[in-house]
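Read the structure below first, then the notes.
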Amino acid sequence: MSIGTSEHVLSSNEIGELIRTFREKMGLSVDEFADNLGVSRQAVWYWERGRRKPRRAIVAKLYEMGLHQMALEVESARDFVMVIRHAKEKLASDLGIDTDDISIVIQG
């Protein structure tokens, strides 16, 4: 079991960022998060800094806590950014200008 989607397995740094964001979204300190997972605070520290990846059993616990849904949301956001980037590149190419000269505003 790995963190990510079938199309994209996250790197150690991406996993660390995802775990930190997930922990903060839950409103937990490193100590509280570690206690909930039954690991040391040092383990969480290593994960969040991309130095180590959590073991399979911990990944399963993280999924039960909702991390998988957050990983899917991150992947969706990554896909959205990629679509916007390609649109800017196509528009810049068609207009003969630099992509940095194009701003896309999304109103919702």
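Bear in mind these aren't lab numbers, they're just calculated from the coordinates by the rules spelled out. Remember, it's a predicted structure, so these values are computed and weren't measured experimentally. Quick reminder, even Gly has a Cβ in these numbers, built from the backbone with ideal geometry, and neighbours come from all protein chains shown.
Of note:
- Matching label, Rg and Dmax of the Cα atoms in Å computed from the structure shown, candidates (i) 13.2, 39; (ii) 14.0, 49; (iii) 17.8, 57: (iii)
- Taking every alpha-carbon pair under 8 Å whose residues sit at least 6 apart, segment 22-87 reaches a relative contact order of 20 percent.
- Residue 39 long-range amide H proximity, modeled H, under 5 Å: none
- Rounded to whole numbers, the Karplus 3J(HN,Hα) couplings from phi for segment 93-107 are 4, 5, 8, x, 10, 7, 4, 5, 8, 10, 10, 10, 10, 10, 10 Hz, using 6.51 cos²θ - 1.76 cosθ + 1.60 with θ = phi - 60°, and x at Gly and Pro.
- Label point distance in nm, residue 90-residue 77, each placed 7 Å from Cα along Cα→Cβ: 2.5
- Couplings 3J(HN,Hα) of segment 57-63, computed from phi: 5, 6, 4, 4, 5, 4, 5 Hz, in residue order, whole Hz [Karplus 6.51 cos²θ - 1.76 cosθ + 1.60, θ = phi - 60°; x for Gly and Pro].
- Candidate cross-link partners of residue 61 among the lysines, defined by an alpha-carbon separation under 18 Å and a same-chain spacing of 8 or more, comprise 25, 53.
- Fewest-first sequence of 70, 82, 26 by Cβ atoms within 10 Å of each Cβ: 82, 26, 70
- 3J(HN,Hα) couplings calculated from phi for segment 42-54 with the Karplus curve 6.51 cos²θ - 1.76 cosθ + 1.60 (θ = phi - 60°) are, in sequence order, 5, 4, 4, 4, 4, 4, 5, 9, x, 7, 9, 9, x Hz; Gly and Pro show x.
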